[in-house]
Ligand code: EPU
């Protein structure tokens, strides 16, 4: 009975979604899997993937979904996410098509959330603008970088963010960067909030010098981190200052190369978990991560915090609630 009800709810949701996507002219796909959409190449089926192309379209879309109670999550390039192997019954709002163009105004650059972060770093360096060259090799989108305050080699995106554009009640609104808390790989943005773009304020410098610093960061990254393998970057946060870094701790425990099925601790950098093979399982990566956490807890008394986001299929993403009488999804005014 409960199962039949849930089935009906999803059918009503699907009808509503088709109408919304059609009305707004947004591409809507079914049958995609997280294994195709994340850099770890693991994770189960997704009910719907919707891909808005403009900031206004994306803002209207989430408003319509929120009004009828359709659960969604925003996805950039999926380079910091471990989605589990279950069936994910919510909408993935892919922001990869929201890439638009850069808009330069003196020291400022406005960039949409779906723009590639490495490309942005190259483009601003060319314009003689400094402040994000350390982020050059991070394989993500600008939206993802803002969401988690991406950082590397002395640069963090939050430091140079003058304003962020977010979706509110169907509109694109701009909030000052100073209203956001930019912490270590964490910000005050909350689930349900959609980031659409940002304006960064950078510092003029000689393009050649910026490029040289970017190359320097890139070669350090190439020498110390795995490239060409399937990872989500550093898996755990570093512990608070004063203790060794996570990579060093795991390395000294001799865990490089430790394996659980299709997942292993990278032999290059011990804070990277990489996956291998067709049909790799999120379950393996999670089991290995927990094994690492237990060892570190036992031997150092440190509770490692995940730096990657864990997306669980069974975490209720406000399931659609149809009207009791009509069975239709109703608008919440
Ligand atoms: N180390 C080891 N063994 C290892 C890995 C590292 O001994 O397997 C040692 C290194 O030799 C070095 C120290 O640990 O002495 C620090 O290593 P690294 O320079 O690689 O920096 P990290 O603290 O491990 C952080 C960020 C990276 C970022 C780099 C460069 C975190 C969790 N990680 O790594 O960010 O690229 O600094 O700025 O903050 C990410 O966010 O996904 C990420 C990879």
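The values are calculated or read from the model by the stated rules, or taken from the named source; none is laboratory data. If you're wondering where the values come from, they're calculated on a predicted model, not measured in any experiment. Don't worry about glycine lacking a Cβ; one is built from the backbone with ideal geometry, like all the others, and counts go over all protein chains shown.
Considering only residues that are in contact with a helix residue (DSSP H, G or I) (Cβ under 7 Å, 6 or more places away or on another chain) and under 24 Å from residue 101 (Cβ atoms), which ones fall in the range 35-58?
Residues satisfying the conditions are 50, 52, 57.
Report every pair of residues separated by at least 6 positions or lying on different chains whose Cβ atoms are under 8 Å apart, first residue within the range 186-197 and assigned to a strand (DSSP E or B), second loosely packed, with under 14 Cβ neighbours inside 10 Å.
187/181
Among (1) surrounded by fewer than 17 Cβ atoms within 10 Å (Cβ to Cβ); (2) within 16 Å of the ligand (Cβ to nearest atom); (3) closer than 16 Å to residue 155 by Cα, there is one condition residue 213 misses while meeting the rest; what is its number?
Exception for residue 213: condition (1).
Okay, residues lined up against (1) away from the ligand (no atom under 15 Å from the Cβ); (2) over 24 Å from residue 238 (Cβ atoms); (3) at pLDDT 95 or above:
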| site | (1), (2), (3) |
| --- | --- |
| 273 | no, no, yes |
| 282 | yes, no, yes |
| 290 | yes, no, yes |
| 316 | yes, yes, no |
| 325 | yes, yes, no |
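Hey, any hits in the range 80-94 for a residue that's in contact (Cβ under 8 Å) with a residue 40 or more places away in the chain and within 24 Å of residue 174 (Cβ to Cβ)? Break it down into steps so the answer makes sense when it comes.
Restricting attention to the range 80-94, the residues satisfying the condition of being in contact (Cβ under 8 Å) with a residue 40 or more places away in the chain are 80-94.
Among the residues that remain, those that are also within 24 Å of residue 174 (Cβ to Cβ) are: 93-94.
There is at least one residue in the range 80-94 that is in contact (Cβ under 8 Å) with a residue 40 or more places away in the chain and within 24 Å of residue 174 (Cβ to Cβ).
Taking the range 292-314 on its own, how many of its residues are away from the ligand (no atom under 15 Å from the Cβ) and in contact (Cβ under 8 Å) with a residue 24 or more places away in the chain?
5
Among (1) within 12 Å of the ligand (Cβ to nearest atom); (2) without any contact (Cβ under 8 Å) to a residue 40 or more places away in the chain, which single condition is residue 268 missing?
Condition (2) is where residue 268 drops out.
Would you mind stating whether residue 157 is under 27 Å from residue 52 (Cα atoms), in contact with a helix residue (DSSP H, G or I) (Cβ under 9 Å, 6 or more places away or on another chain) and free of Cβ contacts under 8 Å to residues at least 24 places away in the same chain?
no
Given the residues 4, 12, which is the only one that is touching a residue at least 24 places away in the same chain (Cβ under 8 Å), more than 21 Å from the chain's Cα centre (by Cα) and in a helix (DSSP H, G or I)? Before the answer, list the steps.
Details: 4 fails: touching a residue at least 24 places away in the same chain (Cβ under 8 Å).
Of the residues listed, the single one that is touching a residue at least 24 places away in the same chain (Cβ under 8 Å), more than 21 Å from the chain's Cα centre (by Cα) and in a helix (DSSP H, G or I) is 12.
Pull up the range 238-259, narrow it to residues that are touching a helix residue (DSSP H, G or I) at 6+ places or on another chain (Cβ under 7 Å) and within 7 Å of the ligand (Cβ to nearest atom), then point me to the one that is nearest to residue 306 (Cα to Cα).
Top of the filtered list is 238.
Could you please let me know if residue 218 is surrounded by fewer than 20 Cβ atoms within 10 Å (Cβ to Cβ), at pLDDT below 95 and within 16 Å of the ligand (Cβ to nearest atom)?
So residue 218 passes the test.
Select from the range 133-144 the residues that are away from the ligand (no atom under 13 Å from the Cβ) and in contact with a helix residue (DSSP H, G or I) (Cβ under 7 Å, 6 or more places away or on another chain) and write down the one among them that is farthest from residue 197 (Cα to Cα).
In this case the residue turns out to be 141.
Can you pull out the residues in the range 148-162 that are over 17 Å from the mean Cα position of the chain (by Cα) and crowded, with 19+ Cβ neighbours inside 10 Å?
155, 160, 161
Go through the range 247-260 residue by residue and tally those that are closer than 13 Å to residue 289 by Cβ and surrounded by fewer than 23 Cβ atoms within 10 Å (Cβ to Cβ). Quick ask: steps written out before the conclusion?
Our first condition is that a residue be closer than 13 Å to residue 289 by Cβ; within the range 247-260, this holds for 250, 255, 258-260.
With the extra rule that they be surrounded by fewer than 23 Cβ atoms within 10 Å (Cβ to Cβ), the set shrinks to 255, 258-260.
Of the residues in that region, 4 qualify.
Restricting attention to the range 59-72, which residues are under 16 Å from residue 97 (Cα atoms) and in contact with a strand residue (DSSP E or B) (Cβ under 6 Å, 6 or more places away or on another chain)? Steps first, please.
Of all residues in the range 59-72, those under 16 Å from residue 97 (Cα atoms) come to 59-62.
Residues satisfying the conditions are 59, 62.
Conditions tested, residue by residue: (1) modelled with pLDDT under 95; (2) within 11 Å of the ligand (Cβ to nearest atom); (3) closer than 27 Å to residue 37 by Cβ.
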site: 119; (1), (2), (3): no, no, yes
site: 126; (1), (2), (3): no, no, no
site: 146; (1), (2), (3): no, no, yes
site: 150; (1), (2), (3): no, yes, yes
site: 168; (1), (2), (3): no, no, yes
site: 179; (1), (2), (3): no, no, no
site: 189; (1), (2), (3): no, no, yes
